[in-house]
Amino acid sequence: MLKRILNTSIYSVLSRGFITGTNLFIIYFISRNLNKEALGIYGIVFFFFQFFSAFSSMNLYLFFGKELAYKRGDKNKESDIFNEFFSATVIGSLVSLPLLSAGLFLYNKINSELLFLSFFSGLLLGMEKNLGGMLLGKEKMNLEFISNFLSFIMIFISIILFPEKFYNIEQIFLLRILILIIIVGFKLFLLRDMIRLKTIKIKLKFFREGKFYWFSSLSNLTIRQIDVLVLSFFIGKVLLGDYFLAVRIYLAFGILAEVISYALTPFISRLFKGKEKKGFKEFSKQVLFIIVFLAFFSSVVLFFSRNLLLSVFNRAGNGNSSIYLIYFSIFIFFRFITYFTGITLTSTGFQNIRFYINFLSSILIIILDVSLGYFWGVEGVIMARGIVELIMFIGSFYFFFKIIKNHEDGRGDPS
């Protein structure tokens, strides 16, 4: 099992690395070639891009990964899971349309064309993520790695060879839409053995459990990125660009914890179900020790390398972003551990508990962002993020140990 975990983890890290690399490369290009205001605009569009992705897809990639982890090999059940993917895509896309309409009428910080582009690119990104979850469940992260590598290369080469064509945010998102269409088609081809066109129908069978993944992902998105949207009402786009850059670097440092946890999903699920030789309790505590070490290491590295990292983007007046990263280097320690303990809740069938933690935290961060951001601007939303990161850490950590204890005692529910 160790070899399988290492293979999946390595490919998962590399795969997510190319996703993060793509986002950072675009930010790098905008920072060097467009004006400062453009990065602030990109930050707003990126929020809507991620929002429509999470909403339209219901973010069921972990759900599909968990389901396929112990159903793979049964062609009928695999076909049912693809049918659930199709249903989630159709239903999620339809319920996203009213939100697009609301954005067009109520939000005027970016033009309608950018909102439309964020909507369509978000739909495609959501499909691509859910299909990636199926590859995870089949333990074929090498194919997910190839997909994200191809996506990165196509975007990188296009912008490097024809930079003059991407000197506005609209063109950059048109490129992302084109690449996402190619990658979604590629993943559908890889999963073609699961597709039975005659049996595809729209149904809500997955929704009983899947709704917790959907609402939890929206809560998580709120926690990760709502501050950019809130700040767009209180500060100018130039300062917003400085904050957005710092946040993206901070989240990039959390990628290692995210991808390791993501890759462990099928193994934790199988261990919890007793389908592997190794014990669930022993495995969980060993991995937690490693995660704590990596959390401390990442926190220290981010603190001391922040100015060097910012210099790569060649931004004048990096002082603001540097100050923000001092605080984020502290928060990253808690975020690391929260990822692993949270993914344990997901993998063991207690996504509902993770949802409640994320949901309450998302409500709190909205309240704190608006109130503290109104009075203190960027400093206020940083304070809000720190409070919420600590609360999520405590909540996930508490239930993580309850799951281990109850599993050892032969009980199920950690609540």
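The values are calculated or read from the model by the stated rules, or taken from the named source; none is laboratory data. Everything numeric here is computed off the predicted structure, so don't read it as measured data. For neighbour counting, all protein chains shown are included, and Cβ atoms are generated from backbone atoms with ideal geometry for every residue, glycine included. Each accessible area value is taken on the protein alone, full model and side chains, heavy atoms only, with ligands, DNA and RNA left out. Shrake-Rupley method; radii C 1.70, N 1.55, O 1.52, S 1.80 Å.
Accessible surface for the range 51-178, divided over its residues, is 39 Å² per residue with a 1.4 Å probe.
Taking R0 as 51 Å, what's the FRET efficiency between residue 182 and residue 406 from their Cβ-Cβ distance, rounded to 0.05? Walk me through the numbers on the way to the answer.
Working: r = 46 Å, r/R0 = 0.90.
In this case the efficiency is close to 0.65.
Using 0.36 nm times the number of residues separating residue 273 and residue 37, minus their current alpha carbon distance, what extension gain do you get?
Details: separation 236, 0.36 × 236 = 84.96 nm, distance 5.14 nm.
Working it through step by step, the gained length comes to 79.8 nm.
In this view, the solvent-accessible surface of residue 178, computed with a 1.4 Å probe and all protein chains in place, comes to about 100 Å². Note on residue 165: accessible area approximately 120 square angstrom, rounded to 10, probe 1.4 Å, nucleic acids and ligands left out.
Which of the helices in the chain meet the span-like rule: DSSP H, Cα axial reach of 20 Å or more, Kyte-Doolittle mean at least 0.5? Show your work: numbers first, answer last.
Values: long enough: 2-33 (45 Å, 0.57); 36-57 (32 Å, 1.13); 75-106 (46 Å, 0.71); 112-137 (38 Å, 1.06); 141-161 (29 Å, 1.93); 169-190 (31 Å, 2.32); 207-231 (35 Å, 0.34); 237-253 (24 Å, 1.32); 255-272 (25 Å, 1.39); 280-312 (44 Å, 1.52); 319-347 (41 Å, 1.13); 351-376 (35 Å, 1.15); 378-408 (45 Å, 0.97).
Both cut-offs are met by 2-33, 36-57, 75-106, 112-137, 141-161, 169-190, 237-253, 255-272, 280-312, 319-347, 351-376, 378-408.
Using a Gaussian network model of the chain in which every pair of alpha carbons under 10 angstrom is joined by a spring, one finds that among 250, 167, 262 the greatest mean-square fluctuation is at 167.
For the chain, a crude dipole built from +1 on the beta carbon of Lys and Arg and -1 on the beta carbon of Asp and Glu, taken about the Cα centre, is about 1240 debye to the nearest 20.
I need the shape label for the range 68-194. Rule: rounded when a/c is under 1.5, else prolate if a/b > b/c, else oblate, with a, b, c from the alpha carbon gyration tensor. Oblate, because a/c is 1.5 or more while a/b does not exceed b/c.
Using only the Cα atoms of the range 256-371, build the gyration tensor, take square roots of its eigenvalues as a ≥ b ≥ c, and label the shape rounded, prolate or oblate: rounded if a/c is under 1.5, else prolate if a/b is larger than b/c, else oblate. Oblate shape, in that a/c is at least 1.5 and b/c is the bigger or equal ratio. The distance from the alpha carbon centre of the range 136-160 to that of the range 222-263 is 23 Å, rounded to a whole number.
Rounded to the nearest 500, what is the 222 nm mean residue ellipticity of the chain from helices alone, with -39500 (n - 2.57) per DSSP H run of 4+ residues and division by all residues? Walk me through the numbers before you get to the answer.
Values: 14 runs with 343 residues, N = 415.
So the helix-based figure for the chain works out to -29000 deg cm²/dmol.
Solvent-accessible area of the range 79-165 (1.4 angstrom probe, protein heavy atoms only): carbon and sulfur portion equals 72 percent.
Once Rh is set to the Kirkwood radius over Cα pairs, what Stokes-Einstein translational diffusion coefficient, in µm²/s, holds for the range 210-255 at a temperature of 25 °C and a viscosity of 0.890 mPa s? Walk me through the intermediate numbers first.
Working: Rh = 11.8 Å.
Stokes-Einstein gives a translational diffusion coefficient of 209 µm²/s.
What separates the Cα centres of the range 341-360 and the range 84-105 is a distance of 24 Å.
Computed with the Debye formula from one identical point scatterer per Cα of the chain, without solvent, the log10 of I(q)/I(0) at q = 0.06, 0.07, 0.14 Å⁻¹ comes to -0.23, -0.31, -1.39. Each peptide in 300-312, 393-405 gets a packing score, the mean of other Cβ atoms within 10 Å over its residues, and the list from highest to lowest is 393-405, 300-312.
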